[in-house]
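What follows draws every value from the coordinates through simple rules; no lab data is involved. Nothing here was measured: the structure is a model prediction, and the numbers come from that model. Because the Cβ atoms are built from the backbone with ideal geometry, glycine has one as well, and the counts that use them run over all protein chains shown.
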Amino acid sequence: MQENLVIVESPAKAKTIEKFLGKDFIVKSSFGHIRDLAKKDLGINIGEGYKPVYEIPGDKKKVVDELTKLAKSKTVWLASDEDREGEAIAWHLTEVLGLPVDRTKRIVFHEITKRAILEAIEKPRTVNMDLVNAQQARRILDRLVGFELSPVLWKKIKPSLSAGRVQSVAVRLIVEREREIMAFESKAYYRVVADFFVTDADGKQAVFKAELSRRLDTEQQALDLLEKCKATTFTVLGVERKPSKKSAAAPFTTSTLQQEAGRKLGMSVSQTMSVAQRLYEAGYITYMRTDSVNLSSQAIAAAKAEIVQLFGERYSEARNYKTKSKGAQEAHEAIRPAYMDRTGIEGSPAEKRLYDLIWKRTIASQMASAQTERTVVDIAVDGTEERFVATGEVVLFDGFLRLYSESTEDEPADGEEALLPPLKKGDRPQARSITASQRFTQSPPRYSEASLVKRLEELGIGRPSTYAPTISTIIARGYVVKENREGVKREYVQLRLEKGSIARKTLSENVGREKNKLSPTDIGMIVTDYLDTQFGDIMDYNFTALVEKEFDEIAEGEKSWVDMIRAFYGRFHTTVDRALEQEPVRSGQAHLLGTDPASGKPVYVKIGRFGPVAQIGGDDGEKPRYASLKKGQLIANITLEEALDLFTLPRTVGEFEGKEVVIGIGRFGPYVRHDGKFVSLAKTDDPYTIGLDRAVELISQKREKDAKAKVPIRSFSEEPGLAVLNGRYGPYIAFDGKNYRIPKGYVPEELTLEQCREIMAKSKKK
């Protein structure tokens, strides 16, 4: 008989642990939390010291019954994760299963290896109630905020809205960035780059680039400079060589893993955490929720051995990193491979890519610094005060760069530093060409998921483990959208001095192209403004960070969770009551843009039933005209001209088969209308620019699809009225005016008459 029951959170983790334990152990999963705050009402008894009201969800009752039976007369090992959430799961199991103290042991391990698990079993402990209370405090506080704030939004702005302590602050960051972009005024300037060359003793020319040390404000200034450069000479004033070194980044924390996986692999924060969870449960990496950059002495030694084997002793440089985050918690080690010599794993492509990233980052953190030499050459424009500067960099020893370099979201430099030819003071390089290009100052970039995570961490808002659900929530609630922007065409001026003459060109470029960037919606901006006005504390970045510190103090046993909640709730509840007394904001209230020149009627924008719309008229009792705003347009900055353009739909693009072809936008999106029939536009089609040829193509495609749907997949001569057809939602059986769904496991093209009759008979019995 098995005398020991080990309970973990997930089946995958259970499966991995079972490999390392003997026949005396049975390993089962709780499938996460087995109970939570009651969904009915608040789920908190405020009058009883904010006592939480817990309930077992219906889908967990079977799990609880099974674990209760298995736990009888056995020693129970609670092996949930080592963070606050895991500690709370262990406590809930203790409470719900009624586990006796003398037969209950709490164990934690940072990695799912045989050594780590056996060591944990040798050093069991009891449930840490300080960690449990910290988790409870977070859960209760977030429930109080959401439960009381959301109804305020329903009454004052619009039904079905929600608010949250961390989610609302995250939206505020995105809204503020969008307003920075709206207010930004781009200014033109000129960047001047020269292609110089020097000739060596053998008559060979070496070409290098240098840039003017300052920006020029106007085209005339650029033209004047090029005129001066026509007849002048250039002299090297000085050459400065500076040795430098680059050190490797620290191993991953939860936050830095989320950021780097977003930048290098294009993974969302939630995807990163999901894949990392699977890697951990399979025993490939250490626990992936950590604020620590520390590595154990065993890990450092193992990394050194791997580096020496792969690259040689010269590339090894052991380092101990220290966690800078003051509130770092639940942190035993950084995220690293469980085995340093495991350079690859079996798994999905995403798992392989993320593991490779973690392995390289960890190994690189223990590699030698890269040695470089940077050269700066100062070149005078003789007879003027202007200077050109040439920079170059050479890698003397690649060190960790041989394996890994940290990525960045900063805008790429206009030119990469290259190796310069041998130059000395007094040399006279010659200009092959000098180009002055019109450039423009750039607005702050919109947040990506990675850069938003970085900013939240900098401000101390939330915890890395909460970033994924926070971002998912604000997108799901419709406050924020993650979208691509194609950019717009922009013209710029280029002046080029070559062979003694200056040529002027007008060129074009695509600017503003973005991929997977976060933008606020109109309702996101309205809700943010309202919350910022009425609930300044909740929306204050410092306040939100202070709350996180208080959670840390509770976890350390330095503060009572009840006292913390009481101090917060009293002030918060009063603010809620005051907000309820105020007049509604009315998100549907129209904002006047101006007058329609064609009709003389006012033009408004507002939040309509199905989203933001432009409106013409309606003040005089006549039925107003409506048009939905385009993707990416906001009520906050749409112009009168842009709003009027929306009313160009529906528009006739021509005739096909003697009948009009009309493009419009309906409740279900953009469409082509022809001969009384509607065809949806593809996502890549712009209803405002689509032409007749593309519209006819869509009509033909729809006809072909409809024709195929009418041709039976299967028909039977023995039963002429019965057929297997293609429908809108997939294949189905049609017989005697009725339709029957084909169950899973059947191949529609291979159905026999007998099988069809059997499916219909079973369907009739239901």
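Computed quantities for the displayed model
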quantity: Neighbour-limited loop hits for trypsin sites (Lys or Arg not before Pro), segment 672-744 (at most 11 other Cβ within 10 Å; DSSP other than H, G, I, E, B); calculated: Lys683, Arg728, Lys744
quantity: Amide H partners (placed H, <5 Å) of Leu681, local residues excluded; calculated: Tyr671, Val672
quantity: Sparse-neighbourhood loop sites, chymotrypsin sites (Phe, Trp or Tyr not before Pro) in segment 132-229 - DSSP loop, at most 10 other Cβ within 10 angstrom; calculated: none
quantity: Alpha-carbon centroids, segment 125-180 and segment 646-685: separation in whole Å; calculated: 43
quantity: Segment 254-368: projected area of the alpha-carbon convex hull, averaged over directions, in nm²; calculated: 7.0
quantity: Backbone N within segment 506-549 under 20 Å of label point (7 Å from Glu491 Cα along the Cβ vector); calculated: 506-512
quantity: Estimated FRET transfer efficiency when R0 is 22 angstrom, pair Asn484-Ala183 (beta carbons, to 0.05); calculated: 0.40
quantity: Relative contact order, percent, segment 254-368 [alpha-carbon distance under 8 Å, six or more residues apart]; calculated: 33
quantity: For Glu386, distant residues with modelled amide H under 5 Å away; calculated: Val381
quantity: Label-point separation in nm, Glu406 to Asp686, each point 7 Å along Cα→Cβ; calculated: 4.0
quantity: Computed helical MRE - 222 nm, the chain, DSSP H runs ≥ 4 contributing -39500 (n - 2.57), nearest 500; calculated: -11500 deg cm²/dmol
quantity: Asp645-Glu227 FRET efficiency (beta carbon distance; Förster radius 45 Å; 0.05 resolution); calculated: 0.55
quantity: Segment 513-639, relative contact order in percent, only Cα pairs under 8 angstrom and at least six apart counted; calculated: 16
quantity: Translational diffusion coefficient (Stokes-Einstein; Kirkwood radius from C-alpha pairs) of the chain at 4 °C, 1.567 mPa s, in µm²/s; calculated: 40
quantity: Amide H within-cut-off set for Glu317, under 5 Å, with H built and near neighbours excluded; calculated: Met367, Ala368
quantity: Calculated FRET value between Arg428 and Ser472, using beta carbons and R₀ = 60 Å, to 0.05; calculated: 0.45
quantity: Cα-based equivalent ellipsoid, segment 591-648: semi-axes from gyration tensor eigenvalues, Å; calculated: 17, 13, 9
quantity: Kirkwood Rh (inverse of mean 1/r, distinct Cα pairs), segment 611-766, angstrom; calculated: 19.4
quantity: Segment 74-130: relative contact order in percent, alpha carbon pairs under 8 Å with at least 6 residues between; calculated: 37
quantity: Violating pairs (Cα-Cα greater than 27 angstrom) within the set Lys482/Lys705; Lys304/Lys352; Lys40/Lys60; Lys264/Lys549; Lys242/Lys264; calculated: Lys482/Lys705; Lys264/Lys549; Lys242/Lys264
quantity: D_trans [Stokes-Einstein, Kirkwood Rh over alpha-carbon pairs] for segment 4-127, 25 °C, 0.890 mPa s, µm² s⁻¹; calculated: 162
